[in-house]
Amino acid sequence: MDQIEFADGFDRPDTLAFGLGAGQLAVVMVGALAAYALVRSPFPPAVVDPLAVVIAAAAAALGWLRVAGRPALDWAVFAGLFWMRPRRGMTRWALATASPPDGAEPPSDPSPPPTFQTPVGPSLKPVVRSPTRVDGARRVTFFSLRGGTGRSTLATELTCLIASSHGDQQPAPRVALVDLDLRSPSVGIRLGTPERTILDFALAPPEDRSVVDFMVTHSSGARVLLGPQSAVNPEWPVTPALVREVLRELDMEGFDLVVLDVCPELNPLTTTAICACDDVFVVVVPTAGGVHDAYRSTEALRRLGLRHQLRYIINRSRSGTDLREPMADLGGQVIGDIPDDDAVVTAENAHHLLGLEDSGPAAIALRRLARRVSSELHSSWPV
């Protein structure tokens, strides 16, 4: 396959007339009618004519002018929502720069992060735990509206690779993987650890449960909250509120990275998880159907307000495949290209992680992806 072509503009909004959408056309028409009404009013022309020109020009600008690829009307709506949003308390910058009251002592410097004695071999070495990030854990997920694209495999491999990536001068990141694919959970199969699951956490008494008590620890150091082993009700007891509780607890536990494995459909549970993520990696299989799914998935995610969070990973790519045209049409950034490799299936059947134990082309690409995400994770930590 030399090249995959797809119709341009699949994700563009529908237009009604003059290249304008419904909202833009309504603003232009209202502006034109308001200007006409002013001109026909009994007020002095020296007053109403300049005002009518300003109104008509402003309406035309909101309709036709585009800034950074978006209509000016969208930016005006965003600005209005921002300024009308209620603000409570002080911003972090204000809190950091505010002067203490008269006679009060300025706050002392925060104490350094604690060290813990962890057994390493025959001796004990001090390990410095990374401080809890101000904004909580960085959250990422892999998504596609098409099943079988390798989302769970990528999520599992990335989690364990990053959890095991640390050096002498760099503390090991605390990484968690949460399996939220209730329809077909497969993280437990990939890791070979059929233990307590998110269903057990959901059914435990809320006043006594703690999410870390229901997580298993992989040999890489990653903590994993497995998906249910049998079919469950998609609406209860694993609910969007429970997902928010899990993410909140993982933030309080000081995790640096949380990887969410979601199902290939935008139900309320998946939508809650995706909208809570900092990065959404759209998985693209380089076939005609895979490219079509990339357009569908991108359109669906953008309708949720996710745009800057979207990046793309090509999975099971083959030599000679060219996705530059559809990626340029989507305006997407490709951060990973995982070649098609039979070793992936072999590793899954043996419950092994390819990136940790193999040296083939797919394993090398997975480690390259993990290094990139890990570098972004470390650059987001407070200094």
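The values are calculated or read from the model by the stated rules, or taken from the named source; none is laboratory data. Since this is a predicted model, take the numbers as computed values, not measurements. Here Cβ is always computed from backbone atoms with ideal geometry, including for glycine, and neighbour counts include all displayed protein chains.
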Could you check region 175-204 and list, in sequence order, the residues that are surrounded by fewer than 21 Cβ atoms within 10 Å (Cβ to Cβ) and part of a loop (DSSP other than H, G, I, E, B)?
183, 184, 186, 192, 193, 194, 195, 196, 204
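Name the residues in region 177-230 that are of a type in the set (Ser, Thr, Tyr) and in contact with a strand residue (DSSP E or B) (Cβ under 9 Å, 6 or more places away or on another chain), would you?
Keep residues of region 177-230 that are of a type in the set (Ser, Thr, Tyr), which gives 184, 186, 193, 197, 210, 217, 219-220, 230.
Within region 177-230, 186, 193, 197, 217, 220 meet the criteria.
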Within region 249-284, restricting attention to residues that are touching a residue at least 40 places away in the same chain (Cβ under 8 Å), among the β-branched types (Val, Ile, Thr) and not in a strand (DSSP E or B), which residue is surrounded by the fewest Cβ atoms within 10 Å (Cβ to Cβ)?
274
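In this structure, is residue 245 of a type in the set (D, E, K, R), over 15 Å from the mean Cα position of the chain (by Cα) and closer than 21 Å to residue 315 by Cα? Before you say what the answer is, go through the steps one by one.
On the way: of a type in the set (D, E, K, R): yes; over 15 Å from the mean Cα position of the chain (by Cα): yes; closer than 21 Å to residue 315 by Cα: no.
It is false that residue 245 is of a type in the set (D, E, K, R), over 15 Å from the mean Cα position of the chain (by Cα) and closer than 21 Å to residue 315 by Cα.
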Only residues in region 229-246 that are charged (D, E, K, R) count as the first member; pair them with residues that are surrounded by 13 or more Cβ atoms within 10 Å (Cβ to Cβ) and at pLDDT 85 or above, Cβ under 9 angstrom, at least 6 apart or cross-chain, and list the lot.
235/267; 235/269; 244/272; 244/276; 245/211
Could you look through region 350-383, keep only residues that are surrounded by 19 or more Cβ atoms within 10 Å (Cβ to Cβ) and over 23 Å from residue 340 (Cα atoms), and pick out the one that is modelled with the lowest pLDDT?
377
I need the full set of residues from region 205-228 which are surrounded by 15 or more Cβ atoms within 10 Å (Cβ to Cβ) and assigned to a loop (DSSP other than H, G, I, E, B), in order please.
209, 215, 218, 220, 221, 222, 227, 228
Complete set of residues in region 28-60 that are in contact with a helix residue (DSSP H, G or I) (Cβ under 9 Å, 6 or more places away or on another chain), part of a helix (DSSP H, G or I) and small (Gly, Ala, Ser):
31, 32, 34, 35, 37, 52, 56, 57, 58, 59, 60
Determine whether residue 322 is surrounded by 13 or more Cβ atoms within 10 Å (Cβ to Cβ), farther than 21 Å from residue 191 by Cβ and at pLDDT 90 or above.
no
